[in-house]
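Notes follow the structure.
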């Protein structure tokens with residue numbers, strides 16, 4: 001990988017093409033340009049006419065970093081069950097070996113992969129998830145980066161191959177860049193919700209009661225059971241309009257969207273899995289929840305109730321213990337607060353504990369994702385036994401729901417969130433997902449009501465409501 005700190009433009013691009021000719025391999029040319037103020041959602045929408053089905057969006061809480069990817073310069077994927085994390089990393093870093101990277105500016109510019117790993121690679125793929133591999137990431141042809149201070153950068157990624165004409169490719173990309181930068185948002189048709197179908201709710205409650213019995217018999221400590229609802233629209237629902245509502249409604253969450261062909265996985269999750277920047281690592285323990293109050297006093301009372309509820313504290317401690325142990329295996333040191341705080345979202349509040357670590361330079365963000373996924377907050381404990389119960393009792397394929405989604409740069413740094421509060425758009429349907437942690441004291445009806453609260457953010461975002 002050759003990093004150029006001074007802009008050489010077409011000369012550097014020609015150098016990448018010459019390397020491709022000599023080696024008979026794909027060679028990446030990546031150029032970063034500082035640009036003026038750009039609205040991320042408008043840039044995402046401007047890419048619809050050219051790159052529909054090849055767009056991605058990532059925004060962390062408080063909009064500290066926003067990434068918008070358009071086009072597939074290259075796709076990296078794996079359908080292997082056991083080695084998908086390692087295979088993805090191997091593909092990425094081999095691809096970067098001969099790359100020419102020009103004017104890179106900071107952690108979230110230059111070559112960046114965006115995508116995710118499915119929750120359980122051993123599950124048979126459901127038809128609605130058929131466009132997604134067990135690991136699926138794309139390197140955008142164009143990526144907008146907007147930082148917390150408003151600074152904006154455009155990364156242009158071109159894969160050079162033997163036989164291509166450098167001047168033609170360069171000119172074509174320059175024209176596309178101009179279209180994107182000057183393009184206006186297209187009109188988004190108002191699409192209405194026609195049907196909301198809960199998928200076997202009574203069967204799900206019975207499964208939950210069965211799991212509680214198995215926990216009380218000592219088979220495991222905790223299992224997270226999820227369920228889905230199916231939304232029918234009067235036409236195809238565009239991800240643009242859903243993103244806009246999520247950004248307005250869930251500013252304290254990670255906002256994400258990943259289009260693949262005619263599908264789009266989209267959501268707003270409060271839960272960070274892991275962030276790595278250099279040697280610093282941060283993970284989040286989020287488990288145990290209660291509703292928000294209708295008044296300030298009621299909200300405070302509910303928060304204190306959650307902080308003192310032994311069932312939720314026990315559930316939270318399971319997650320803290322596992323994440324601390326996992327990070328401890330990859331870090332030289334970790335720091336864990338002695339007790340949880342509260343993370344308050346619009347519809348719900350959670351017990352929250354951040355875990356920070358310091359690691360060696362040879363570790364990548366994907367090493368941490370592999371070690372941490374699935375956390376007890378989304379799978380259960382012991383992990384393998386909980387996953388077996390999920391396969392038996394949920395009777396659905398989670399796909400990317402509750403799975404790691406995020407991004408990784410050329411240094412192996414990046415950030416991944418746990419994709420809860422999410423849904424899958426497929427043509428004129430949407431599948432929305434929600435789950436809850438099942439422990440020895442869980443009651444089916446209470447957990448069912450909790451899932452109704454957790455469905456609310458995505459239901460509002462797609463234009464629906466549930467009684």
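A few points about this structure:
- 3 or more residues touching a residue at least 24 places away in the same chain (Cβ under 8 Å) and either out of contact with any helix residue (DSSP H, G or I) (no Cβ under 9 Å at 6 or more places or on another chain) or under 30 Å from residue 109 (Cβ atoms) (or both): qualifying strands (runs of 3 or more DSSP E) within the stretch 360-467: 404-409, 414-418, 422-426
- All positions within the stretch 427-442 that are crowded, with 21+ Cβ neighbours inside 10 Å and over 15 Å from residue 287 (Cβ atoms): 430, 431, 432, 433
- Counted residues, the stretch 249-296 - those being more than 16 Å from the chain's Cα centre (by Cα), within 22 Å of residue 76 (Cβ to Cβ) and outside any loop (DSSP other than H, G, I, E, B): 1
- Helices (runs of 4 or more DSSP H) enclosed by the stretch 1-91 - at least 3 residues per element that are more than 30 Å from residue 133 (Cα to Cα) and either in the same structural domain as residue 284 (by TED's automatic domain parsing) or at pLDDT below 95 (or both): 10-23
- Selection status of residue 230, modelled with pLDDT under 95 and touching a strand residue (DSSP E or B) at 6+ places or on another chain (Cβ under 7 Å): no
- When the stretch 194-213 is filtered for residues that are surrounded by fewer than 17 Cβ atoms within 10 Å (Cβ to Cβ) and out of contact with any strand residue (DSSP E or B) (no Cβ under 6 Å at 6 or more places or on another chain), the ones remaining, listed by number, are 200, 201, 202, 203, 206, 209, 210, 213.
The values are calculated or read from the model by the stated rules, or taken from the named source; none is laboratory data. Here the structure is a predicted model, which is why all the values come from computation and not from measurement. Positions of Cβ are backbone-derived with ideal geometry, glycine not excepted, and every protein chain shown enters the neighbour counts.
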